[in-house]
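The values are calculated or read from the model by the stated rules, or taken from the named source; none is laboratory data. Computed from a predicted model, the values in this text were never measured in an experiment. Using ideal geometry, Cβ is built from the backbone for each residue, glycine included, and neighbour counts are taken over all protein chains shown. The accessibility values were calculated without ligands, DNA or RNA, using every heavy atom of the protein model including side chains. Shrake-Rupley method; radii C 1.70, N 1.55, O 1.52, S 1.80 Å.
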Amino acid sequence: MQQLRDNTFLSIVIPIYNEERRILPTLQKIVQFIRANNIECQMVVVDDGSQDRSLSIIQDFFGSDYHLKVIQGRPNRGKGWAVQQGMLAAAGEWIIFMDADLSVPVETLNLFLKKIKEGWDIVIGSRRVPGAQITQRQPYLREQLGKQFTKISNLILGTQFKDFTCGFKLFKKEAARLLFTDQQLWNWSFDSEILFLAKKRGLKIVEYPVQWTNSKDTKVQLFKDIPASFWGLLKIRYLH
């Protein structure tokens, strides 16, 4: 990677939990993209209590590269915790978090970086705005529950987003510090909390269409995480 300036231009945050099967090809694709586009970049990987070889694979891949920052947590606390730790530790002027399965291709980042020149504070990937492409759909039940979660989120939180949970979101550093410092939920409803807080604070947010592929190795436990996420929406209104 390029040598870091005093202020890193971009930080990429990746939360992981037992990702030994797919983390290496993900990192290879990201690094290849960064080098090909000459992007000044820091990688922040947050290990949320993995019990496999994920962490050793990451460390072997990067070696002593000082562009990598690893945060290790025990026990497993949830994706919301991992993303929060990474976003607050990142040094970039712009900070993006993306999923370890690269459901959204890393090349989409080029489009997001162009979008920020229009003056947005936050650019979020969306599977449900015009121009979005889904190459591999979720199972029918998961997809329908996701759509209902979006409707109920907007109803309870007073927002108008098309997609809360797509794991590809880019933040201006100042916005990230503000929002993730105030974040209190660590389960799958943390996306809704962050976007609710962003709207409440008057930040400028745009949803951008992405190409998205469902991963068969998703960590979502449907009948456990969905009810907890709905309950989380009520907690957001209570807490904030």
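For the reader, a short list of remarks on this structure follows.
- Ligands, DNA and RNA left out, the 1.4 Å accessible surface of the chain is 50% carbon and sulfur atoms.
- In terms of its C-alpha gyration tensor, region 155-206 comes out rounded, because the ratio a/c of the largest to the smallest axis stays below 1.5.
- Separation of the residue 69 and residue 144 label points, Cα + 7 Å toward Cβ, nm: 4.4
- Classification of region 75-117 by its C-alpha gyration tensor yields an oblate form. The axis ratio a/c (a ≥ b ≥ c) is 1.5 or more, and b/c is at least a/b.
- DSSP H segments from the chain that extend 18 Å or more along their own axis, Cα-based, with Kyte-Doolittle mean of 0.0 or above: 23-36, 222-239
- Nearest-0.05 FRET efficiency for residue 137 and residue 199, computed from C-beta distance (R0 25 Å): 0.30
- Among the listed pairs 79/216; 117/235; 172/216, those beyond 28 Å (Cα-Cα): 117/235; 172/216
- DSSP-defined beta bridges in the chain - what % are antiparallel, rounded to 5: 25
- Distance between the 7 Å Cα→Cβ label points at residue 59 and residue 156: 3.9 nm.
- Cut-off 10 Å between beta-carbons: net charge of the residues surrounding residue 58, Lys and Arg +1, Asp and Glu -1: -3
- Solvent exposure of the chain as accessible area per residue, Å², 1.4 Å probe: 48
- Extension gain (nm, one decimal) between residue 234 and residue 51, 0.36 nm per residue minus Cα-Cα: 62.7 nm
- Scaling against 2.2 N^0.38 Å puts the C-alpha radius of gyration of the chain at 0.95.
- Note: relative contact order over the chain, using C-alpha pairs below 8 Å and six or more positions apart, is 23 percent.
- Total formal charge among the other residues, if their Cβ is under 14 angstrom from that of residue 147, Lys/Arg +1 and Asp/Glu -1: +4
- Rg followed by Dmax, in Å, when region 33-171 is reduced to its Cα trace: 16.7, 48
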